[in-house]
1. Please state which of the following conditions Ser180 fails to meet, knowing it meets all the rest: (1) surrounded by fewer than 18 Cβ atoms within 10 Å (Cβ to Cβ); (2) in contact (Cβ under 8 Å) with a residue 24 or more places away in the chain.
2. Mind checking which pairs have a first residue in the range 33-53 that is more than 24 Å from Trp150 (Cα to Cα) and a second that is of a type outside the set (Val, Ile, Thr), Cβ under 7 Å, 6 or more apart or different chains?
3. Which number in (1) without any contact (Cβ under 8 Å) to a residue 24 or more places away in the chain; (2) under 15 Å from the mean Cα position of the chain (by Cα) marks the one condition that Ile149 misses?
4. All but one of (1) farther than 30 Å from Arg181 by Cα; (2) surrounded by 13 or more Cβ atoms within 10 Å (Cβ to Cβ); (3) of a type outside the set (D, E, K, R) hold for Asn2, so report the exception by its number.
5. Filter the range 44-62 for residues that are buried (at least 18 other Cβ atoms within 10 Å of the Cβ), more than 10 Å from the chain's Cα centre (by Cα) and farther than 14 Å from Arg181 by Cβ and give the result.
6. Find the residue count for the range 76-110, including only residues that are of a type outside the set (Phe, Trp, Tyr) and over 19 Å from Gly138 (Cα atoms).
7. What is the residue count in the range 155-177 for residues that are in contact (Cβ under 8 Å) with a residue 12 or more places away in the chain and within 23 Å of the chain's Cα centre (by Cα)?
Amino acid sequence: MNPLKSITGTLVAGLVLAIVIIFLLGTSGALNPWALWVWFHVFVGIIWIGLLYYFNFVQVPAVATALSEANSGGPGAAAINKYVAPRALLWFRWAALATWITGALALEAMHSADGSGVVAAFTFASGYQAIGMGAWLGTIMLFNVWGLIWPNQKKILGLDGKEHSADEIAKAKTVALMASRTNTLLSIPMLLGMIAQGHGLPF
């Protein structure tokens, strides 16, 4: 059976390969929670931010082009809006939540002093300024996903089971697009904060 024939098989095979590599490189003999949660955090974060970039760099301009060509015999945006967008949004919003949760768990695992690593980051405690900035931006981005992008995309795609006027849909498109673009903007310094915690600022 070829694991690459399904996404589940591919992910399981990737996890097994990673575990094999861990043992080949030599284990420490003890669980390292910080490394474990950072690994998961990066994995789900790639799904989240990858889909964010897909929406902004690929889907939004593709839908705009499809709509502009619909009157001249083009296929329109129906296929993307019916089959692609709902599935992408499903992975997008849950990966956002998983990224935040695994990030919080990583902060707790890396914190060796008394108290909470999450509190240390969000209050910019000494040694936590860079990661704290990243955590705050990631939290704003999470709010945008669940509080602005997803509710408005449900209206746009008709996933909320309600009828909406053209004006409501137009407004929902604007709010969802601006929140998505805001997240794209914030993702750049957010990623800087995540990397700077372990490697320092670029200059």
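1. (1)
2. Cβ pairs passing all conditions: Pro33/Ala109; Trp34/Ala106; Trp34/Ala109; Trp34/Met110; Trp37/Leu105; Trp37/Ala106; Trp37/Ala109; Val38/Ala106.
3. Failed condition: (1).
4. (2)
5. Correct list: empty.
6. 12
7. The number of residues fulfilling the criteria is 9.
Residues checked against (1) crowded, with 20+ Cβ neighbours inside 10 Å; (2) modelled with pLDDT under 95; (3) more than 17 Å from Val60 (Cβ to Cβ); (4) β-branched (Val, Ile, Thr):
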{"site": "Gly117", "(1), (2), (3), (4)": "yes, no, yes, no"}
{"site": "Phe124", "(1), (2), (3), (4)": "no, no, yes, no"}
{"site": "Gln129", "(1), (2), (3), (4)": "no, no, yes, no"}
{"site": "Gly132", "(1), (2), (3), (4)": "yes, no, yes, no"}
{"site": "Ile140", "(1), (2), (3), (4)": "no, no, yes, yes"}
{"site": "Gly147", "(1), (2), (3), (4)": "no, no, yes, no"}
{"site": "Trp150", "(1), (2), (3), (4)": "no, no, no, no"}
{"site": "Thr174", "(1), (2), (3), (4)": "no, no, no, yes"}
{"site": "Ile188", "(1), (2), (3), (4)": "no, no, yes, yes"}
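The values are calculated or read from the model by the stated rules, or taken from the named source; none is laboratory data. Note that the structure is predicted; figures quoted are calculated from it, not measured. Cβ atoms come from the backbone with ideal geometry, glycine included; neighbour counts cover every protein chain shown.
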